[in-house]
1. All but one of (1) surrounded by 24 or more Cβ atoms within 10 Å (Cβ to Cβ); (2) in contact with a helix residue (DSSP H, G or I) (Cβ under 9 Å, 6 or more places away or on another chain); (3) over 17 Å from residue A:183 (Cβ atoms) hold for residue A:158, so report the exception by its number.
2. Sort through A:307, A:321, A:337 and tell me the only one that's over 21 Å from residue A:488 (Cβ atoms), within 12 Å of chain B (Cβ to nearest Cβ) and over 25 Å from the mean Cα position of the chain (by Cα).
3. Do you know which of the residues in segment A:358-376 that are more than 7 Å from chain B (Cβ to nearest Cβ) and over 27 Å from the mean Cα position of the chain (by Cα) is surrounded by the most Cβ atoms within 10 Å (Cβ to Cβ)?
4. Return the residues of segment A:412-436 that are farther than 20 Å from residue A:368 by Cβ and free of Cβ contacts under 8 Å to residues at least 24 places away in the same chain; say none if nothing qualifies.
5. For residue B:33, state whether it is in contact with a strand residue (DSSP E or B) (Cβ under 8 Å, 6 or more places away or on another chain) and at the interface with chain A (Cβ under 8 Å from one of its Cβ atoms).
6. Taking the options B:66, B:45, B:22, name whichever one is within 24 Å of the chain's Cα centre (by Cα) and either more than 8 Å from every other protein chain (Cβ to nearest Cβ) or buried (at least 16 other Cβ atoms within 10 Å of the Cβ) (or both).
7. Among the numbered criteria (1) assigned to a loop (DSSP other than H, G, I, E, B); (2) surrounded by 20 or more Cβ atoms within 10 Å (Cβ to Cβ), which one does residue A:257 miss?
8. Report every pair of residues separated by at least 6 positions or lying on different chains whose Cβ atoms are under 9 Å apart, first residue within segment B:2-16 and farther than 19 Å from residue A:387 by Cβ, second outside any helix (DSSP H, G or I).
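The values are calculated or read from the model by the stated rules, or taken from the named source; none is laboratory data. Given the structure is predicted, the values throughout are model-derived calculations rather than measurements. All Cβ positions, even for glycine, are placed from backbone atoms using ideal geometry, and neighbour counts span all protein chains on display.
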């Protein structure tokens with residue numbers, strides 16, 4: 001199979017082609033690995049580790065004629081190359097969270113979301129780079145490597161699920177899983193021109209996904225179409241006895257997509273937040289894309305309604321209280337006793353346990369992780385708790401009520417994803433400016449709702465991907481899928497694979513060599 | 001200025017992170033900037049507003065069926081230990097060399 005043929009296949013194409021005998025799962029695995037070989041190391045650098053052995057094992061299971069094969073082939077992700085953010089455990093693989101702290105860590109078990117994709121027939125290609133412990137919006141805080149935006153190798157892919165989106169946008173895998181605590185699926189998806197979905201909190205089990213902010217974290221899929229993302233969500237959602245926050249809801253994500261594609265969304269009520277269009281720091285091309293999407297939705301017969309989210313402006317501050325406090329607590333488990341960096345521990349000459357902790361954690365965690373742990377430690381300290389942590393949880397109530405009231409009037413809300421398109425490496429230097437990349441995504445995590453980032457073409461100023469965000473009511477994700485599937489049809493010509501692949505395919509014919517990264 | 005360098009040293013000790021002197025200096029600046037950006041939280045009138053500690057309302061005491069589920073095998077649980085001996089995690093003395101107990 002040619003690489004260009006493979007990268008054009010959707011989840012449904014792969015499943016149907018495999019079942020019709022048009023190609024084998026091994027051919028798909030070969031094509032995916034061939035893309036990874038050509039585009040990853042030294043170019044996009046999305047992967048922290050690849051799993052060709054596991055991929056071929058999964059492919060063989062699909063290709064061997066047996067009762068077991070028939071069962072896996074019937075799975076909704078049959079034959080689909082997938083890769084996982086490196087905070088997700090897959091038994092026998094490294095799970096590093098892009099941190100030196102876990103450089104040696106080998107997963108002794110598999111996360112529920114990962115296991116569910118494999119049970120649905122997906123082919124595991126590897127583990128993907130991220131901001132260390134998901135602390136960041138550019139994947140620059142990874143302890144191991146920079147991942148480059150496949151649309152412009154001098155720019156960041158966004159973060160923290162930067163490796164996940166870059167692998168999908170460059171065609172190396174068909175879908176990937178990411179996690180989203182404050183925008184970590186949606187913002188990078190916007191930067192790389194792919195679809196990224198954070199389901200409502202509780203839809204997907206977090207068992208086996210390394211925790212960052214337990215009241216905010218949610219796992220979700222990244223793909224090149226709304227349909228691919230919907231099918232992947234169908235595969236991973238549902239109640240898991242191993243995660244007490246997971247809920248028994250499956251609205252039938254893919255069915256919602258099909259319904260919207262067939263019946264349209266006439267009469268659907270779409271909320272827009274007027275103050276978002278004038279938010280400080282928002283780029284002209286982002287506003288233009290949003291206005292274009294509003295016009296398209298009107299064209300489809302949807303009704304546009306102004307809604308107000310007066311407390312959303314406090315979401316960023318609430319998030320930088322709640323997130324670090326939960327991270328401080330979650331990261332206390334990295335004590336260098338049960339797991340930790342073997343070399344650092346051997347090197348440290350600590351003569352008592354307290355100094356061992358201090359040295360191992362200072363060596364193992366990068367600067368952003370240390371900042372957030374320190375901040376959380378301070379905010380939870382006696383006396384300070386009542387100034388920040390408790391009020392932040394009260395503000396959370398106000399923000400949640402804003403959304404509840406808005407969703408009494410509308411079915412979904414249309415918003416920007418990020419105030420700007422992908423920035424260059426090192427361009428956003430200080431931590432507080434970096435935190436502003438997530439002003440439109442964070443309120444959703446605070447309230448627990450679902451949100452989807454849909455690419456709507458290239459910005460007229462930057463020439464880089466621009467996206468809009470569709471937000472739904474809590475456990476009303478089906479409405480997001482409907483609106484997204486309908487709106488997606490208004491952009492039939494936009495590319496979901498970065499042009500990087502073209503130059504590569506051309507070079508295979510001896511025409512042009514691929515551009516190399518210069519980060 | 002919310003925090004002095006001395007405060008930051010105290011926080012680092014509590015968070016079990018060993019910071020060098022130059023790191024304390026940079027961390028003090030960063031933390032003060034971040035805390036300044038949290039100001040909106042302190043400016044709200046929140047009288048009578050209940051806190052939301054968890055996004056799913058009404059989730060209390062989620063129980064699973066009382067059936068036996070095997071945990072990790074001993075060896076699997078130990079495989080990531082940086083240092084172990086006789087199937088147990090190995091650590092430096094808790095009281096260090098100066099322990100008099």
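1. The failed condition is (3).
2. The unique qualifying residue is A:337.
3. Looking at the filtered set, the residue picked out is A:360.
4. The answer is none; no residue qualifies.
5. In short, no.
6. B:22
7. (1)
8. B:9/B:19; B:12/B:18; B:12/B:19; B:16/A:335
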